[in-house]
Amino acid sequence: MPSQRALLEQIDADRVRAAIARAEQGTSGEIRVSVSRFFLGDLDTASRRTFVRLGMARTTDRNGVLIFVVPSRRRVRVLGDQGIHERVGQSFWDDVAREIADNFRAGRFTEGLEAGVQTIGRALAVHFPSADTNPNELADEVDLA
């Protein structure tokens, strides 16, 4: 996996943002993507801090999902808030992270994020279908941690 800067040059952020918007149309859930720069310390701690910093736990139904990409460590973590995590479990997040990482290894960075977002969106739509009013509670922009 390339560095954060190189990865960002290879990711079409507009396509990722559009994939998030499409996925969120069918659900009250929220999806964010964060690409982290180099850091010292524990990956799980960093991903949880980013989850908090982005307000992922502030959604009405506790159904926010974060895709956390760390190019310097060649790692992807997917974290779901309590509401969705209770329904899909850790193995689902691990499978989505693996799907994204497999695409990254093949050089398909934008496609990997789009695939992960689509998979998450389908699960959110099953457990948290879109209501009559469906406000966008979190930004769809790719975050640079």
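State which residue is most open to solvent (accessible area, probe 1.4 Å) when the search covers only the stretch 23-51 and only residues that are under 18 Å from Asp140 (Cβ atoms), part of a helix (DSSP H, G or I) and not acidic (Asp, Glu).
The residue in question is Gln25.
Could you look through the stretch 94-110, keep only residues that are modelled with pLDDT of 95 or more and buried (at least 21 other Cβ atoms within 10 Å of the Cβ), and pick out the one that is farthest from Arg122 (Cα to Cα)?
So the residue we want is Ile100.
Modelled with pLDDT of 95 or more, of a type outside the set (Lys, Arg), outside any helix (DSSP H, G or I) and buried (at least 22 other Cβ atoms within 10 Å of the Cβ), is that true of Leu124?
On the way: modelled with pLDDT of 95 or more: yes; of a type outside the set (Lys, Arg): yes; outside any helix (DSSP H, G or I): no; buried (at least 22 other Cβ atoms within 10 Å of the Cβ): yes.
When the stated conditions are applied, Leu124 does not pass them.
Condition first: among the hydroxyl-bearing types (Ser, Thr, Tyr), modelled with pLDDT under 95, farther than 18 Å from Ala139 by Cβ and surrounded by fewer than 16 Cβ atoms within 10 Å (Cβ to Cβ). Can you find one or more residues in the stretch 71-80 that meet it?
yes
Take the residues in the stretch 97-121 that are under 12 Å from the mean Cα position of the chain (by Cα) and either among the aliphatic types (A, V, I, L, M) or assigned to a strand (DSSP E or B) (or both); name whichever of them is farthest from Arg77 (Cα to Cα).
Once the filter is applied, the top-ranked residue is Ala115.
With (1) exposed (fewer than 14 other Cβ atoms within 10 Å of the Cβ); (2) within 23 Å of Ile11 (Cα to Cα); (3) free of Cβ contacts under 8 Å to residues at least 24 places away in the same chain as the list, and Gln90 as the residue in question, which single condition is left unmet?
So Gln90 meets the others, but not (2).
The values are calculated or read from the model by the stated rules, or taken from the named source; none is laboratory data. Only a predicted model underlies this, so the values are computations on that prediction, with no experimental measurement involved. Cβ: placed from backbone, ideal geometry, glycine included. Neighbour counts: every protein chain shown. Surface areas here come from the heavy atoms of the whole protein model, side chains and all, with no ligands, DNA or RNA. Shrake-Rupley method; radii C 1.70, N 1.55, O 1.52, S 1.80 Å.
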